[in-house]
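Structure first, then comments.
The values are calculated or read from the model by the stated rules, or taken from the named source; none is laboratory data. Just so we're clear, the structure is a prediction, and the values are computed from it rather than from any experiment. In this analysis, Cβ positions are derived from the backbone assuming ideal geometry, glycine residues included, and neighbour counts consider all displayed protein chains. Only protein heavy atoms, including side chains, enter the accessible area calculation; ligands, DNA and RNA are left aside. Shrake-Rupley method; radii C 1.70, N 1.55, O 1.52, S 1.80 Å.
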Amino acid sequence: DPCGNFHCKRGRICEVDKENRPVCICQDPMTCPPSTKEFEHVCGTDNKTYDTSCQLFATKCSFEGTKKGHHLHLDYRGACKYIAPCTDYELRQFPLRMRDWLKNVLMQLYSRDSESPGFLTEKQKNIQVKKIFENEKRLKAGDHPIDLLVRDFEKNYHMYVYPVHWQFSQLDLHPTDRFLSHSELAPLRAPLVPMEHCTSPFFNECDANKDKLVSLIEWGHCFGIKAAEDINENLLL
Ligand SMILES: *[C@@H]1O[C@H](CO)[C@@H](O)[C@H](O)[C@H]1NC(C)=O
């Protein structure tokens, strides 16, 4: 079977052409398996609820070559809902909380890794993460007031530099080109949008030059890592 190990992008399926070669064609949304749980619904950037992500990507494929196809992405998990506007004040706070959260995620991986290795590479562990983990001044995970997060960022700025790079490298995979596309950002964005109403405005602002891609420098800037010497490609694994 020529389609046996042939991989097609999301929204496409493999078919064998007349010369018995595998080709990817758009999947008919009708052939997507129906959702069995409510959380399989997804909200598209057209603010339409799709039964499953299969439905969304099959629909996107059917509009390929058109503006609509180009602009349709998975916005977030779950049915579309009303998302309150994000005020400028909230938008300024958002990166502070997210930066703290990134650091905590890394710390959690580090402590989990000591029980069952594999979450982090040796290089990550030994050089970058260990330093943060062992720093006694580290703010422990918790729901901290914004002014404390602000002060901690000023005092312990260097603790935040690596986590911001780490998250970038976790997302920059398809392809690994130092730019994050909408679909590369999706694993971080999609679960966050329904819970944090500033997520979309934040990521839109991150793309400072509005080319639909977030570069490492833009990423660093939107997390407050501003100095050129602190944004370092060598920190990306
Ligand atoms: C998106 O759809 C939801 C649910 O139908 C609705 O409540 C919300 O107002 C819509 N948002 C926008 C920006 O149109």
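What is the count of Lys pairs in segment 114-165 whose alpha carbons sit under 20 Å apart, if the two are 8 or more places apart or on different chains?
Step by step, the pairs that qualify in segment 114-165 add up to 9.
Label-point separation (nm) for K48 and K137, each offset 7 Å from Cα along Cα-to-Cβ?
5.4 nm
How large is the convex hull of the C-alpha atoms of segment 12-77 per residue, in Å³? Could you put the intermediate results ahead of the total?
Values: hull volume 5.6 nm³, N = 66.
Output value, Cα hull per residue: 84 Å³.
Computed from the mean reciprocal separation of all distinct C-alpha pairs, what Kirkwood hydrodynamic radius does segment 161-237 have, in Å?
12.6 Å
Restricting attention to segment 1-79, which GluC sites (Glu not before Pro) occupy a DSSP loop and are surrounded by at most 15 other Cβ atoms within 10 Å?
E19, E64
Taking θ as phi - 60°, what are the ³J(HN,Hα) couplings along segment 210-225 by the Karplus curve (6.51, -1.76, 1.60), each to the nearest whole Hz, with x for Gly and Pro?
6, 9, 6, 10, 9, 7, 4, 5, 4, 4, x, 4, 6, 9, x, 8
Checking the a/c ratio against 1.5 first, then a/b against b/c, what shape does the Cα gyration tensor give for segment 194-237?
Taking the square roots of the gyration eigenvalues as a ≥ b ≥ c, segment 194-237 is prolate.
With a sphere of radius 13 Å drawn around the Cβ of K140, what net charge do the other residues whose Cβ falls strictly inside it have (Lys, Arg +1; Asp, Glu -1)?
Computed value for this residue: -1.
Aspartates and glutamates within cross-link reach of K67: Cα-Cα under 13 Å, excluding same-chain residues under 8 positions apart?
Counting by Cα, and skipping residues close in sequence, K67 has these aspartates and glutamates nearby: D46.
What do you get for GluC sites (Glu not before Pro) in segment 96-157 restricted to DSSP loop and a cutoff of at most 10 other Cβ within 10 Å of the site's Cβ?
Taking segment 96-157 and a limit of 10 other Cβ atoms within 10 Å, the loop GluC sites (Glu not before Pro) found are E136.
Which FRET efficiency value, to the nearest 0.05, do you get for S169 and K81 by plugging their Cβ-Cβ distance into 1/(1 + (r/R0)^6) with R0 = 30 Å?
Computed FRET efficiency for S169 and K81: 0.40.
In whole angstrom, how far apart do the alpha carbon centroids of segment 145-194 and segment 1-74 sit?
About 29 Å separates the Cα centre of segment 145-194 from the one of segment 1-74.
Please say if the chain is rounded, prolate or oblate, where rounded means a/c under 1.5 for a ≥ b ≥ c the square roots of the C-alpha gyration tensor eigenvalues, and otherwise the choice is prolate for a/b larger than b/c and oblate otherwise?
Prolate shape, in that a/c is at least 1.5 and a/b is the bigger ratio.
Label C24 and E205 with points 7 Å out from Cα along Cα→Cβ: what is the distance between them in nm?
3.5 nm
If I ignore ligands, DNA and RNA and count only protein heavy atoms, how much of R10 is accessible to a 1.4 Å probe, in Å² to the nearest 10?
Answer for R10: close to 150 Å² accessible.
Using 0.36 nm per residue of separation minus the Cα-Cα distance, give me the extension gain between S35 and D147 in nm, one decimal.
36.0 nm
Roughly how many Å² is the accessible area per residue of the chain, as a whole number, for a 1.4 Å probe?
Working: 13940 Å² over 237 residues.
Normalised by residue count, the accessible surface of the chain is 59 Å².
Where the accessible area of the chain is counted over protein heavy atoms with a 1.4 Å probe, how much of it, in %, is carbon and sulfur?
55 percent
In this model, which of K48/K68; K37/K68; K9/K81 are farther than 18 Å apart at the alpha-carbon?
K37/K68; K9/K81
Any idea of T87's accessible area? Nearest 10 Å², probe 1.4 Å.
70 Å²
For H158 and T66, what is the calculated FRET efficiency with R₀ set at 45 Å and r taken between the beta-carbons, to the nearest 0.05?
With a Förster radius of 45 Å, E is 0.45.
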